[in-house]
Structure formats: structure tokens, C-alpha cells
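Quick note: the coordinates plus some simple rules give every number you see, no bench work behind them. As the structure is a prediction and not an experimental result, all values here were calculated from the model. Every residue, glycine among them, receives a Cβ derived from its backbone with ideal geometry; neighbour counts consider all protein chains shown.
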Amino acid sequence: MNAKTSEEKKVGARIRGMIESFGLPRLIIAGFLLLLFIAAPFVGANFFTQLTNTLNRFGWNAILVLAMVPMIHSGCGLNFGLPLGIISGLLGATLSIELGFTGALSFFMAILLSTPFALVLGCGYGWLLNRIKGGEMMIATYVGFSSVSFMCMMWLLLPYHSPNMVWGLSGKGLRTTISLEGYYDQVLSGFLQIKIGDFSIPTGSLLFFALLAFAMWAFLHTKTGTAMTAAGSNPVFAKAAGVNVDKMRLLSVVMSTWLAAVGILVYEQGFGFVQLYMAPFYMALPAVSAILIGGASVNKATITNVIIGTFLYQGIVTMTPTVMNSMIHTDMSEVIRIIVSNGMILYALTRKTEGSKS
Amino acid sequence: MKNETNLFKKLLRLIGDNPVPIMFVLICLVCIPVSGFSPSYLLNEIITRVGRNSFLILCLLIPIMAGMGLNFGMTLGAMAGEIALIFVADWQIYGIPGVVLAMILSIPFSVLLGTLCGKILNRAKGKEMITSYMISFFVNGLYQLVVLYMMGAIIPIKHSSVKLPRGYGIRNTVSLKNMRQCLDNLLSVNLFGAKIPVLTFILVAILCLFIVWFRKTKLGQDMRAVGQDMQVAKDAGINVERTRVISIVMSTVLAGFGMIIYLQNMGNLSTYSSHSQIGMFCIAALLVGGASVDRASIGNVFLGVFLFHMMFIVAPSTGAKITGDSMIGEYFRVFVSYAVITVALIMYETKKRKKKSSAGKELAAQQAAEEAEHE
């Protein structure tokens, strides 16, 4: 009898430990999503269509979330400056269209053309972040905002001519949204797509994400990758061990910026449109909260966090409108999304054990 | 000769110490003639804008005093003010009584939200700015939940001019026509063709006096001590956490008042967007006036609100004149607002690091000297 209770206590403690390590908010969000999936058939939403949508959106967004990983590893915190990388991607996308590439080629050219921008901007951004250690997140936010608002002027002034992109009347200045039909619309999502009734798997974009995620995983296990993690977890120790901390941080920022550039291109091929001007403004927040929902903290993140987080976040984004709509006949999804995603970021920022190093 | 070089040096130092305000003076000097506005128009506009924005910007000073940086959470106060105004508009209370009632009504909401914000910020010491920034987003979600779904459904809202046609939720714009500029018009004076809203300025002056007085009180001194060094303040017997919460609550309550003054001047309330940009513009204006993250004075507020809004008035038409596209100027002023905040944050962080490293060097030198003494 006694032995049994102690055994029970042990199990209880283990469960409590599991909950603690998994995090209560994460559990609530996962439970909420599960509830949505269960409720979906009862309110008349097709389960498989919902799952397909979730998978699709996972494919669009996963790389933007993956872009968070290197900077968290090197101790630069959450990359609120993601819009900077997104802008490199947009420059690549518009240049690729301007130069007249079409079809799948335009996608690869867009990645290729955005790379130099991402490298240069990433270097500058990384250099800046090295000078302001400790205040990265706030400044990153505002670097993102400034660059987006600066590019708003540039989209109007840069000499683009392609009739598919500029305003029809004046013949200059890029449109706010540019259709990708004939360019790289669905180039990954449509590749090797598997269809079973209502259910389809966007194999191409999932494979592309898997490729990059594997590359990231492999990189983190190389010598440089380990040095980067060391620089993040204990800069003083890393410096003593002969790691050039500043260089590691710079490298991580450049990687993050480039991944953001590729990420936005992948997002666009799924979405079907290039969005310019103020569109990239708040794009960092969904990516940040997704990786946090996946179990990452301000200074610890893995590829698993990315996958779980993106799936949960996008699941909620796709499921709430349909399920909520049919349940209470109002669309509360936007409000729920705002509360969940920003609440998650707040939770991560205020945890005392982690993230309180500066 | 020597005097001249001294003066030159002084001038150089002045520029070096205040790069942001001087840059703005230059922008304004270039833009004003190009924009082609008449002086009386400019005067009128700037007086209106100084009147409606000063109160909001002044509320940022208190958290800076307590060492909590720029309070991006002032948006919370703005939301509290808006909720109060929605109720007052629904109850059809007009004019000055309406404004006063809204101010009183906003206090409980502000105190509640301010306490929440302060408590959260106490859990994120050293990261106050990014945290308060995220709080403003989070509470914006709660605000939408309350205003868009609960008002009219759970919280009684009667008047159909406020309510959405579907029966619950508040319209996108709530007209405040009945209290439009009632504060500004009372006691207003016409001077050189410009209307001067004397009562609004008196309110701003009272707040300035309050801040000056408050700095000298026990609580004000405590706040400054907390802002200087939390550990030392704690050792001196100051309840650090409580002081910090109070500073945020005060700032939030004042921001609520400020928002009501702002909106009575505008004459209508954009329910879901009025507050979203207000924090950013107020902070940018304060920084343009030469304030930094850890130091801001009343002078900074007025210089900043003048320069920033001068730029705001002239930038669109200047941009249109130069490039032939009116949107350029619009984007330019948004860009400048963000760029100013970015530059100010970078300057603050680099200065902080320099200070830290020089303090470290001093400590090392001290230790070396002590060791030498031992030997």
C-alpha cells in the first residue's frame, strides 16, 4: 500500500515535471487546437480540408520560423528584425520578375538575386547588433520598422518597368500586391503534390523546408555550429575557449537574414502574391510567437521547436475562423490570434529562469 | 581669437550632444520654404498640434524617471481613455461635463491596466521596453475582444449611433461631435489669426507643474533612486517593485487623460486604430526633442512636439513638390519617426556599454592598485 502511494507520487511528480518542461501555455494551446480539430466535424467543417489547409500554411511559414533559430543559438535573442531579411527577399522577387524570368526559374533566380542583398544587409545588421549587446530585441524591432518604411519610399522611386508590377496608370511605382501567376505561383506547393480525396500534401514545400531544416541541424553540429551555441550560452566561457564571439553572432545574423529572404519567397509561392509596402511590417511577430509556442525560449531553440510551433500556430490560424464561425456565427479568429501570439511572446519575455541574462 | 575657438568648440559640443534635434531643425528649415505653406497656416496648425499632443508626451516622463525606459505601454492608457469616451458618448453627455466624466471614468480602467503592466514589467527587469511594447499588442487584443464582442452583448450599450448594426460591438468611428474641441474653445484667444486653446494649455501647464513638484516629493525621490540603481535603492529601504508599479500606473492614468484631450480635439474616435500609433508618435516626438532613454526633461517635450509636428505638417507637401508623388512625403514622415527611435535606442545602448566597460576598467585598475599596495 505504502509502496503504491510512493509510486503514485513519483508518477505525479513526473507528470508535473513534464508539464513544467513543456510549459503550461503550450499545453493550453495544444489542447485548444486539439479541441478545434475534434469540434470541426460537428460544426460541419471538413476535417481533411482543414488538415490540408494547416499543412499548406505550415509549408508557407516554416522557413520564416526556422530563420529564428541561428540568432537564438548565438545569444542574439528573438529576431524581431526579420522584416530586414524579408525586404531582401522582396528585392530578389521583384528583380527576378523585372528581369523577365518566368516559371520555376524565376523562383530560383529570386533566391539567387536576394542572396547578395541578404548578405550585405545581414552584415550591417549583425555589426550593429554586436555594438549594442543586451538591447538587441528592442533595436531589432525598430531596425525592422525603419527598413520597411524606408523601402516604402523606394518601391515608389526605384526604376521598375515590368508592366506586371507597376501601377497601370502612371507607369511607375510598384503595386501593393503583385500577382505571381505565370511566375513562381505554387512552384513548390504544386511540386509532387499528393492528393487523396479532400486531403492533399504539398510535398514540394515540405521537402524544401526539410532540406533547409536538415542543413540547419547539420550546421549546428559542425564545429562552427557548436562554437555558435557556445557563444550564445556562455559568451565569457566561449571567449576563453578561443571562440570569436562577435564573429559567431555576425554569422548567425547573416544566416537568419538570408533564411528570412528565402522564407518570404516560399511564403509568396504558396500565397500567390508578392506583398510590398507596409505588408512586412508585423511579419516578425507570427514567426516569433510560433517558435515560442513550439517550446523555444529566448535563448534556446531546436528544429523540433520550429516544427511543433509552426504546426500549432498555423493550425490555430486556419482552424479558428471556420470552427468559430460555424459555432457562434462571428469571426473572432483575429482577436484570438492577437491574444494568443502576443501573450506567448510576453510569457517568454517574463520567465525568470531563462532570458534574464544580459 | 581664443574666445572664438572656444565658442566654436562649444558649438561643436552642442551639435555633438544634440544631433537629433539639430537634424530636425535642418529638415524643417529645408522643408518649410519648399512646402509653400503660409506662416499663419503653419502657426495655426502647430498650436493645435502642440495643444493636443503635449499632455500625452508628458506622461512618458515618469517611467523614464523610474529607470524603466520609454513606456510603450502608454497605449494602455490611451485604450482606457477610449473605453471611457465610448461610454460617455453612449450616455449622450455633451461638452465639458462629458470630457470631465470621461476622465474620471478612465481612471479605474487605467489603474487596472497600469497595475497589470507594472507587475509584468517587474518580472522582466532590464527588458522593460520590449516587454511594454509586447504588452501594448497583447492588451490591444483584449481591447478588441471587449469593444468588438462584449460591448452591447454583455456590457450595455444603448445608442445605435455607437453600436454596430449587428447589435453588438462598437462602430469603426464613434462621433464625438458633441464634445468636439469643447476644451479648446472654452477660453480660447485669437492671436495673429491663430486660435490659441488657452484652457488646454493651462491643463498642460498644470501637469508640468505637477511633474516638477512630484520630483521633489518622497515618492519622486524614491523613483529617481530606483532609476539610478535598483540594488542601492533596495538597500536604502525603498520598495523597488511597488515604486516601479506606481510609476507605470501614474503614466497610464495620465496617458488616459491625454488621450481624451487628444480625441476631443480630433472630434471623432477611430475605435480600433486611434491608439495603435499614438505610442510610437509620442515617443518619437520626445526623442526628437533631445531626450534619451534614461533622461528626459519638460523642455525636451516641448521642443520635440514642436519640431516633430512641424516636420509632420510640411513633409507630405514637400515630398509632393520635389518628387511629384504625394505618397513619398507620407512614407518619409513615417520613416523618420521610426528612424529617430532607432537612432536614439542605438545611441543609448552604445553609451550604456561604454559606461559599463569604463566602469569595469576602473574597477580593474582599483584592484590592481590594491594588490600593489598589499605587496
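Projected over every direction and averaged, the convex hull enclosing the alpha-carbon atoms of chain B yields 25.1 nm². Taking the fewest neighbouring Cβ atoms within 10 Å as the starting point, the ordered list for A:Ser162, A:Ser333 is A:Ser162, A:Ser333. Between the helical axis of B:240-266 and the longest alpha-carbon principal axis of chain B there is an angle of about 40 degrees. In summary, the helical segments of chain A meeting the span-like criteria, namely a full DSSP H run, a Cα extent along the axis of 20 angstrom or more and a mean Kyte-Doolittle hydropathy of at least 0.5, are A:24-42, A:47-66, A:82-98, A:103-131, A:136-157, A:203-220, A:245-271, A:303-328, A:333-349. With a 10 Å cut-off around each Cβ of B:138-146, the average count of Cβ atoms from other chains is 5. Note on segment B:37-115: the C-alpha convex hull projects to 7.2 nm² when averaged across all orientations. Inter-part distance, segment B:78-118 to segment B:199-231, computed on C-alpha centroids, equals 23 Å. A Cβ-based charge dipole, computed about the Cα centre of the protein assembly as shown with Lys and Arg at +1 and Asp and Glu at -1, lands at about 1100 debye.
Projecting the Cα atoms of A:Ile308, A:Pro70, A:Tyr160 onto the charge dipole of chain A (Cβ charges, centred on the Cα centre) puts A:Pro70 farthest toward the positive pole. When peptides B:99-112, B:233-246 are ranked by their average number of other Cβ atoms within 10 Å per residue, the highest-first order is B:99-112, B:233-246. For segment B:72-223, the gyration tensor built on C-alpha atoms gives an oblate shape. Its axis ratio a/c (a ≥ b ≥ c) is at least 1.5, and a/b is not larger than b/c. Looking at the protein assembly as shown, what % of its DSSP beta bridges pair antiparallel, to the nearest 5? If we restrict to bridges inside the protein assembly as shown, about 95 percent are antiparallel. Computed from Cα positions, the angle between helix B:278-288 and the longest principal axis of chain B comes to roughly 40 degrees. Against the main long axis of the alpha-carbon atoms of chain B, helix B:2-17 sits at an angle near 50°. Using just its DSSP H runs of length 4 or more, each adding -39500 (n - 2.57), the protein assembly as shown gives a mean residue ellipticity at 222 nm of -24000 deg cm²/dmol after division by all residues.
Neighbouring Cβ atoms from other chains, within 10 Å of the Cβ of residues in B:317-329, number 2 on average.
The residues packed around B:Thr243, meaning those with a beta-carbon under 12 Å from its beta-carbon, carry a net charge of +3 if Lys and Arg are +1 and Asp and Glu are -1. The local environment of A:Met153, defined by Cβ-Cβ distances under 14 Å, has a net charge of 0 under the rule Lys, Arg +1 and Asp, Glu -1.
Taken over chain A, lysine pairs spaced eight or more positions apart, or on distinct chains, with alpha carbons under 24 Å apart number 16.
Quick check: from the Cα gyration tensor, does the protein assembly as shown come out rounded (a/c under 1.5), prolate or oblate? Because its axes are fairly even, with a/c under 1.5, the protein assembly as shown counts as rounded. As an exercise, use a Förster radius of 22 Å and the Cβ-Cβ distance of B:Leu219 and B:Thr115 to find the FRET efficiency, rounded to the nearest 0.05. So the FRET efficiency works out to roughly 0.85.
Debye-formula intensities of segment B:241-375, expressed as log10 I(q)/I(0) at q = 0.12 Å⁻¹, are -0.68 (one equal scatterer per alpha-carbon, no solvent).
Count the net charge of all other residues whose Cβ sits under 14 Å from the Cβ of A:Val253, scoring Lys and Arg as +1 and Asp and Glu as -1. Around A:Val253, the surrounding residues sum to +2. Taking the Cα centre of segment B:1-75 as the origin and placing charges on Cβ (Lys, Arg +1; Asp, Glu -1), which of B:Ser38, B:Leu7, B:Pro21 is farthest toward the positive end of the dipole? About the Cα centre, the residue reaching furthest to the positive side is B:Leu7. The relative contact order of chain A comes to 30 percent, based on Cα pairs under 8 Å that sit 6 or more residues apart.
Amide H to amide H, with H built 1.01 Å from N, B:Asn268 comes under 5 Å of B:Leu176, counting only residues 5 or more places away or on other chains.
For chain A, the calculated P(r), taken from all Cα-Cα distances in 20 Å bins from zero up to the bin holding the longest distance, is 28, 55, 15, 1, 0 percent.
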